[in-house]
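Below you'll find the structure, written out as structure tokens, and then a few comments.
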Amino acid sequence: SAQVYAQNKFVFSGSDTLAGVMSDAIINAGMENQMQYAGGGSGVGEKGLIAGDQAIAPMSREINQEASDKLKSAGVQVIPHVIALDGLSVFVNSKNTAKAMDLQTITRVFTCEFTKWEQIPGSGKSGAIKAYRRNDQSGTTDAFKHFTGLKTFGACVTVLAETADIADVTSRDDMAIGYSGLSAKTAQNKPLAVAAKPGSPAVLPTTATIRNFTYPMSRNLYVYEVTGARKASTVEARFLGYITDRSFMDPIVQAHDFITKD
């Protein structure tokens, strides 16, 4: 029966940022009866590689050294495939008059050192800042910490599970601020221009600034593959063939508001 067949699907985890891209890639490859993407966060995909549950893992950050070392000691090599670029963006509501922030100010908002819009240079807003973040399984959170130097989030920050939740809250609430990949852009929210240091020029995340990495929070989006002692299954290898083919993958990447490599 169909239900039993559904249970025989290969289910794999990884970046929630890439959930839409992966699901569309599976459908476009005609493989939805064979595999299913569970998302869950880059950290979950990384754990799956280590446990041997999967040989491919979409990740919105680089694999960490500890994971890489664990795999190496098990005789497993890791191959990174960059499938797209993304600008990790700080979103506010379209009605918000703030236009730009430097990384230091962003950090102060997410450590709750700044809790009012009046404290944000040039925001022209007053009232309590409502800060939102992705959870700790999220590669986007890891990347955000990496770019800002933030170690611990303040108690004023609300945790949301998915990219779509950040998109939703920043679209509805003009006091909200949240970080996410570019795919959280809607008609009702906007990304802020970001300056690397106080006083340096603030840069908006655009195709050009992300490709040349002048936007301070530009990142690669990966699918990691393992080889050696553990290899991709037939289904995984077939899917990898599709997602590493740019003529197949680039239109999907662009449909989800990510940037192609060139």
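Data table
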{"item": "Positions within the stretch 121-133 being at pLDDT below 95 and open to solvent by less than 60 Å² (accessible area, probe 1.4 Å), in sequence order", "result": "123, 125"}
{"item": "Residue in the stretch 217-236 that is in contact with a Gly (Cβ under 6 Å, 6 or more places away or on another chain) and among the charged types (D, E, K, R) present", "result": "yes"}
{"item": "Index of the failed condition, residue 117 passing every other in (1) open to solvent by less than 10 Å² (accessible area, probe 1.4 Å); (2) of a type in the set (Phe, Trp, Tyr); (3) touching a helix residue (DSSP H, G or I) at 6+ places or on another chain (Cβ under 7 Å)", "result": "(3)"}
{"item": "Test: residue in the stretch 152-165 that is open to solvent by less than 10 Å² (accessible area, probe 1.4 Å) and either over 17 Å from the mean Cα position of the chain (by Cα) or of a type in the set (Val, Ile, Thr) (or both)", "result": "no"}
{"item": "Residue in the stretch 166-176 that is most open to solvent (accessible area, probe 1.4 Å), counting only those that are of a type outside the set (S, T, N, Q) and touching a helix residue (DSSP H, G or I) at 6+ places or on another chain (Cβ under 8 Å)", "result": "175"}
{"item": "Single residue of 75, 87 found to be open to solvent by less than 60 Å² (accessible area, probe 1.4 Å) and within 17 Å of residue 231 (Cα to Cα)", "result": "75"}
{"item": "Selection within the stretch 13-36 - part of a strand (DSSP E or B) and buried (at least 24 other Cβ atoms within 10 Å of the Cβ)", "result": "14"}
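The values are calculated or read from the model by the stated rules, or taken from the named source; none is laboratory data. A quick note: this is a predicted structure, and the numbers were derived from the prediction, not measured. All Cβ positions, even for glycine, are placed from backbone atoms using ideal geometry, and neighbour counts span all protein chains on display. When the accessible area is computed, the model is the full protein with side chains, heavy atoms only, and any ligands, DNA or RNA have been set aside. Shrake-Rupley method; radii C 1.70, N 1.55, O 1.52, S 1.80 Å.
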